[in-house]
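What follows draws every value from the coordinates through simple rules; no lab data is involved. Only a predicted model underlies this, so the values are computations on that prediction, with no experimental measurement involved. Note that we place each Cβ from the backbone using ideal geometry, even for glycine, and neighbour counts take in every protein chain shown.
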Amino acid sequence: MGAQVRIYKRRIRSVSATKKITKAMEMISASRIVKAQRQVAASTPYAEELTRAVAAVATGSDTQHPLTTEAEKPARAAVLLVTSDRGLAGGYSANAIKAADRLAERLRAEGKEVDSYIIGRKGVAYYGFRDRKVAQSWTGFTDRPSYADAKAVSGPLIEAVRRDTAEGGVDELHIVFTEFVSMMTQNPVEKRMLPLSLDEVTRQAEKQERIRPLYDFEPSAEEVLDALLPRYVESRIYNALLQSAASEHAARRRAMKSATDNAEDLIKSLTRLANQARQADITQEISEIVGGASALADASAGSD
């Protein structure tokens, strides 16, 4: 039974070491969420105002532009998927991948080819393991994205939108990311970035009871839209990256807290089993001593 006690003690030490790691990761994620939330709050108004400005230019002119004009027969769509570079975040990346798969199935059902663009090692590994074609991928910045990262991602996507579909271009641009709602709620969402849905922008403005400003276009509405196209895509991707980063930290904090709580429960259970094994050891030793003393007494009585 002494060997059993040693096994329990060894497992308790192992679980305690794991608990220290998960607790540290929980605290790190909790400290990073605050900064990520501030960045989301700072970037969202800019992205929304830029979207409204683009909508105003489009509705105030009859210019045909890929930013706002629907293709008659859209044949190809690009889907940008945002996942994480690291694991230990619960179902964060898996939920985003599932949402991207559902979007791709719907687009294919509409008769469109789908080009996949991936951000994050988890998404790249998922597609690579299944031998799925990826147009382009980016890694290394999902937990701390910068505007330069969003600009690097948006470049190839803007080029694909501007190219003709016969030359590998796309008619639509979608993004799948995880929206940060609260510390406990993060929802995978999919949004179409291009062409911009003017009706949706108008509904949002009416919902917020905002008066649409008047704009003068110089030198022309088309050139203004050409200048706004990269800014619009960059701002939307940057906001999605920040939302995803905050969601990743919140999901990892929640997962690590659950792991820490489970480790504490396991330590209590193993400690209880070790105490039972120790008590059984003591009981057996007492029984052996009593049995030995009784045998000696019997032997002494027989010799007399």
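Points to keep in mind about this one:
- For a label point 7 Å along the Cα-to-beta-carbon line of ARG278, residues of the stretch 1-42 with backbone N under 11 Å: 5-6, 9
- Fraction of beta bridges assigned by DSSP in the chain that are antiparallel (%, nearest 5): 35
- Computed from the C-beta positions of SER182 and LYS35, the FRET efficiency with R₀ = 22 Å rounds to 0.85.
- Highest-fluctuation residue, LEU266, LEU196, LEU225 considered, GNM on the chain with Cα pairs under 10 Å: LEU266
- Cα-projected label distance for SER258 with TYR46, points at 7 Å along beta-carbon direction, nm: 3.5
- Using the Cβ-Cβ distance between ILE21 and TYR147 with R0 set to 41 Å, the FRET efficiency works out to roughly 0.80.
- Excluding same-chain neighbours fewer than eight residues apart, the lysines reachable from LYS151 by a Cα-Cα span under 28 Å are LYS35, LYS98, LYS112, LYS122, LYS133, LYS191.
- Shape category assigned to the stretch 219-304 from the gyration tensor of Cα positions, a/c cut at 1.5: prolate
- Theoretical ellipticity at 222 nm over the chain - DSSP helices of four or more residues, -39500 (n - 2.57) apiece, nearest 500: -23000 deg cm²/dmol
- The stretch 148-176 and the stretch 255-304 have Cα centres separated by 69 Å.
- Extension reserve of the ALA125-LYS9 stretch, reckoned as 0.36 nm per residue once the Cα distance is removed: 38.0 nm
- Spacing of the modelled spin labels on ASP265 and THR139, each 7 Å from Cα toward Cβ, amounts to 3.4 nm.
- Three-way shape label, the stretch 81-200, alpha-carbon gyration tensor, a/c 1.5: rounded
- Highest-MSF residue in the chain out of SER31, SER269, SER244 [GNM, Cα springs under 10 Å]: SER269
- With an a/c value of 1.5 or above and a/b not larger than b/c for the gyration tensor axes a ≥ b ≥ c computed over the alpha-carbon atoms, the stretch 2-150 is described as oblate.
- Inter-centroid distance (Cα atoms) of the stretch 98-123 relative to the stretch 1-48, Å: 32
- At least 24 Å along the helix axis (C-alpha) and Kyte average at least -1.0, DSSP helices within the chain: 2-59, 92-109, 221-303
- When the chain is treated as a Gaussian network with alpha carbon springs shorter than 10 Å, the biggest mean-square fluctuation among GLY87, GLY128, GLY140 belongs to GLY128.
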